[in-house]
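**Q** Structure provided below as structure tokens; questions to follow.
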Amino acid sequence: MSYSRIILGITGGIAAYKSPDLVRRLRERGADVQVVMTESGAKLVAPAVFQAVSGRAVRSDLWDEQAEDAMGHIELARWADLVLVAPATANIMSQLAAGNATGLLTTLCVATEAPIVLAPAMNQAMWKNPATQDNFTTLQQRGVRFIGPEAGSQACGEVGLGRMTEPEDIVTRLFELPATADGRLRGVNVLVSAGPTREPIDPVRYVSNRSSGKMGFAVARAAALAGAKVTLVAGPVGLATPAGVERVDVETAAQMRNAVVGRAPANDIYIGAAAISDYRPGKIAGQKIKKKADTLRVDMVRSSDVLAEVAALESGPFTVGFAAETEKLEQHARGKLVAKKLDMIVGNLVGDKLCFDQDENSVLMLWDGGSEEVARMPKPRIADQIIDTVATRYLQTVNAPTPIRRPSAS
């Protein structure tokens, strides 16, 4: 996506100190940036700073007589290819949801036909407040796009969801939207599982794996961008929920199984990106096991095969699995595709500095009669490629005159 004329709204969030860098990065992408500040925003960062980095006089007053002689707010609303508000406070979200036009920024937002993007920034309790969440939902339903917020430490000393997305990431998401952002999965229900599971040994110990959940969360985000209604079943991870995604938190393989299998029949696509524990302790100690012997024996039993169970459902969803392998990637991934009777599988190599805990990945996508390889790149971009291919395969399946058969061993 390309934008040549961007209005950047600056409101009274402490994250406004990051916005001059955002202006610089937008201009590096070739955009002409007009900064519009609220009164509160101007108290945090001097307008002269934004004038210096944008090369344009900052606009802030709806009652600027010289500008309003030419209906300046309408002129700005028509001029913009995009209106980006960063930081977007709880107050500005409330005003936009109510359709208020009390200042220059809110007035031009009401008047413009350009896309509006908000990058929220506020205290974590303010973000979780039901009124803010209602406004968030209302604005999304009207077509307003959100970038963030992110989880982390905040200026107030608290930790949680509410940090403004970093300027570099905002610009990346604005200018590098995937092809699937055209809404080709609109009206499609997508279920995604992500992250590890934890299988308790005793009240303080558990068996788990190195999955960070980043890939699955990125897939959920990409599916939502494609217009799908997305439900994300997440194992224990410290990641922010992607915008517009319903999240269900679980911990154990059994909980993951119940959450996924119970929701699968109501979904059109299931993408099993979770690293569900293959084995779990057969018996959980009621009290902490004391360190007495030189060895500790824990008898493990097989966990349910959630992916195979979903794929076997009568009239079940289009089922996409993941295969994390340390060797013979295509051979093992294709074997899993056939054995579990999946519609598609995404394979990737894991190991030292590969996949787990990393921000980049490379994958091999396989289906009956076809394959696609994606070179190493950031996980959000990998996810965009995955959803693009999943959407293509799914739509081919549902539009086929006769059902497309899942691969079989015969």
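The values are calculated or read from the model by the stated rules, or taken from the named source; none is laboratory data. Keep in mind the model is a prediction, meaning the values are calculated, not measured. All Cβ positions, glycine included, derive from the backbone under ideal geometry; neighbour counts span all protein chains shown.
**Q** Which of the residues that make up region 96-113 are out of contact with any His (no Cβ under 7 Å at 6 or more places or on another chain) and surrounded by fewer than 21 Cβ atoms within 10 Å (Cβ to Cβ)?
**A** Scanning region 96-113 gives Ala97, Ala98, Gly99, Asn100, Ala101, Thr102, Val110, Thr112, Glu113.
**Q** Take region 258-278 and flag every residue that is at pLDDT 90 or above and not small (Gly, Ala, Ser).
**A** Residues satisfying the conditions are Asn258, Val260, Val261, Arg263, Pro265, Asn267, Asp268, Ile269, Tyr270, Ile271, Ile276.
Here's the yes/no breakdown for (1) surrounded by 20 or more Cβ atoms within 10 Å (Cβ to Cβ); (2) under 28 Å from Ala155 (Cα atoms):
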{"site": "Leu84", "(1), (2)": "yes, yes"}
{"site": "Pro87", "(1), (2)": "yes, yes"}
{"site": "Pro115", "(1), (2)": "no, no"}
{"site": "Ala119", "(1), (2)": "yes, yes"}
{"site": "Ala125", "(1), (2)": "no, yes"}
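**Q** When only residues in region 195-246 that are closer than 30 Å to Ile289 by Cα, within 15 Å of the chain's Cα centre (by Cα) and among the aliphatic types (A, V, I, L, M) count, which is surrounded by the most Cβ atoms within 10 Å (Cβ to Cβ)?
**A** By that ranking, first place goes to Ala234.
**Q** Considering only region 1-37, state which residues are surrounded by 15 or more Cβ atoms within 10 Å (Cβ to Cβ), more than 16 Å from Ala57 (Cβ to Cβ) and among the polar types (S, T, N, Q).
**A** Thr11, Ser19
**Q** Need at least 3 residues that are touching a residue at least 24 places away in the same chain (Cβ under 8 Å) per element, so show me which strands (runs of 3 or more DSSP E) inside region 189-280 make the cut, counting only ones lying wholly within it.
**A** 189-194, 229-234, 269-272
**Q** When the residues of region 354-410 are filtered to those that are over 27 Å from Asn189 (Cβ atoms) and out of contact with any strand residue (DSSP E or B) (no Cβ under 9 Å at 6 or more places or on another chain), which remaining residue is modelled with the lowest pLDDT?
**A** Out of the qualifying residues, it is Ser410.
The rows are residues; the columns are (1) surrounded by fewer than 22 Cβ atoms within 10 Å (Cβ to Cβ); (2) within 20 Å of Ala220 (Cβ to Cβ).
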position	(1), (2)
Val261	yes, yes
Ala266	yes, yes
Ala273	no, yes
Gly286	yes, no
Thr326	yes, no
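Matching residues to (1) in contact with a strand residue (DSSP E or B) (Cβ under 9 Å, 6 or more places away or on another chain); (2) modelled with pLDDT of 80 or more:
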residue	(1), (2)
Ala119	yes, yes
Gln124	yes, yes
Lys128	yes, yes
Val144	yes, yes
Val159	yes, no
Pro178	no, no
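**Q** Among the numbered conditions (1) surrounded by 21 or more Cβ atoms within 10 Å (Cβ to Cβ); (2) at pLDDT below 90; (3) under 29 Å from the mean Cα position of the chain (by Cα), tell me where His73 comes up short.
**A** Condition (3) is where His73 drops out.
**Q** Between Thr165, Thr197, which is under 22 Å from Asn91 (Cβ atoms) and of a type in the set (Ser, Thr, Tyr)?
**A** Thr165
**Q** To continue, here is another question. Residue by residue through region 337-353, note down the ones that are modelled with pLDDT of 85 or more and either crowded, with 19+ Cβ neighbours inside 10 Å or in a strand (DSSP E or B) (or both).
**A** Listed by number, the residues that qualify are Leu337, Lys340, Leu342, Asp343, Met344, Ile345, Val346, Gly347, Asn348.
**Q** Out of all the residues in region 136-154, is one or more exposed (fewer than 13 other Cβ atoms within 10 Å of the Cβ), on the phi > 0 side of the Ramachandran plot and not hydroxyl-bearing (Ser, Thr, Tyr)?
**A** yes
**Q** Please indicate, with yes or no, whether at least one residue in region 304-315 is touching a residue at least 12 places away in the same chain (Cβ under 8 Å) and either farther than 24 Å from Leu342 by Cα or surrounded by fewer than 10 Cβ atoms within 10 Å (Cβ to Cβ) (or both).
**A** Within region 304-315, one or more residues are touching a residue at least 12 places away in the same chain (Cβ under 8 Å) and either farther than 24 Å from Leu342 by Cα or surrounded by fewer than 10 Cβ atoms within 10 Å (Cβ to Cβ) (or both).
**Q** For region 7-46, give me the residue count where each residue is among the basic types (Lys, Arg), touching an Asp or Glu at 6+ places or on another chain (Cβ under 9 Å) and within 19 Å of Thr89 (Cβ to Cβ).
**A** Total meeting the criteria: 1.
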